[in-house]
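Inspection log for the structure reproduced underneath, given as structure tokens.
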Amino acid sequence: MQSQPMSKAPSDSPLFSKKQSKSSAKSAADKSVVFTPDYSHEQQLQAQGFRLIAGLDEVGRGPLAGPVVAACVILDPDNLPEGLDDSKRLTAAKRNLLFDNIMDKAVAISLCSLSAETIDQSNILAASLLAMKRCVDALTLQPDYALIDGNKTPSGLPCPTITLVKGDQRSLTIAAASIIAKVTRDRMMERAGLIHPAYGLEKHAGYGTAAHRQAIEDQGPVAGLHRYSFAPIKGRWISGQ
């Protein structure tokens, strides 16, 4: 699948008017709403001449340890993987199967991870947005449009964007990105668990479970692995000491 020159709509958000965008975001933020991802957002953009549609998502904002990982995926509309959904709503076994399927069928995929040290140097939101931007920059094909999970847009992207609250439950392309990011980060934390077995990282992926918090109390945090700007580590330990 090769990108072809084509005309684009003058608006940088052709799917929605400003009024509709606010209404959509408010509805999406309602936790009682249950979504099922589909390809309708992508199809609307493609009907307007935007051919290569990228989905962006990240995982790992909340953990006490490990990187934040972002993924960017461009799916082939003629060869969509079956069973895509928000990675959090899938079992580990299903995520792994879909990971391989996405890798086989996607037009383009990129990943970026930013370490705990980088997160500590700025903040988790800034690191998440930077990771997403680097994903887009790293794609072998420049997308014509990007669908982004959440309500924040990374600055400096080379294409117009739309943010979708609960986007991984609404867009198949964002759902694919969420699976690639989640499986990649989980595998990274499994490897970290082999190096630092006292923390059980392979079990909780660095999140603040009771067992993980107790291990930090007993062993102290690990420089380069734990996030020293996150409670309960913040103010009690200094990185490298």
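Below is a table of values for the structure above.
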item	result
Residue match in the stretch 186-195 (condition: within 20 Å of residue 118 (Cα to Cα) and either in a loop (DSSP other than H, G, I, E, B) or in contact with a strand residue (DSSP E or B) (Cβ under 6 Å, 6 or more places away or on another chain) (or both))	no
Selection within the stretch 35-92 - in contact with a strand residue (DSSP E or B) (Cβ under 9 Å, 6 or more places away or on another chain), surrounded by fewer than 16 Cβ atoms within 10 Å (Cβ to Cβ), more than 22 Å from residue 212 (Cβ to Cβ) and among the charged types (D, E, K, R)	38
Residue satisfying all of: in the stretch 155-204; surrounded by fewer than 18 Cβ atoms within 10 Å (Cβ to Cβ), without any contact (Cβ under 8 Å) to a residue 12 or more places away in the chain and not hydrophobic (A, V, I, L, M, F, W, C); farthest from residue 138 (Cα to Cα) among these	197
Residue match in the stretch 72-79 (condition: among the acidic types (Asp, Glu) and over 12 Å from residue 180 (Cβ atoms))	yes
Total residues in the stretch 126-155, condition touching a Lys or Arg at 6+ places or on another chain (Cβ under 7 Å) and not hydroxyl-bearing (Ser, Thr, Tyr)	3
In the stretch 131-160, the residues that are β-branched (Val, Ile, Thr) and under 19 Å from residue 107 (Cα atoms)	136, 140, 148
Any hit, the stretch 200-213, residues being touching a Phe, Trp or Tyr at 6+ places or on another chain (Cβ under 9 Å), more than 17 Å from residue 61 (Cβ to Cβ) and outside any helix (DSSP H, G or I)	no
Scope the stretch 214-241; condition exposed (fewer than 14 other Cβ atoms within 10 Å of the Cβ) and in a helix (DSSP H, G or I); matching residues	214, 217, 218, 219
Given (1) farther than 23 Å from residue 101 by Cα; (2) under 15 Å from the mean Cα position of the chain (by Cα), index of the condition residue 159 fails	(2)
Total residues in the stretch 102-137, condition assigned to a helix (DSSP H, G or I) and touching an Asp or Glu at 6+ places or on another chain (Cβ under 8 Å)	4
Matching option when the condition is more than 30 Å from residue 217 (Cα to Cα), assigned to a helix (DSSP H, G or I) and in contact (Cβ under 8 Å) with a residue 24 or more places away in the chain, among 95, 51	95
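Values quoted throughout were computed directly from the atomic coordinates according to the rules given, and no laboratory measurement underlies them. Keep in mind the model is a prediction, meaning the values are calculated, not measured. Cβ atoms come from the backbone with ideal geometry, glycine included; neighbour counts cover every protein chain shown.
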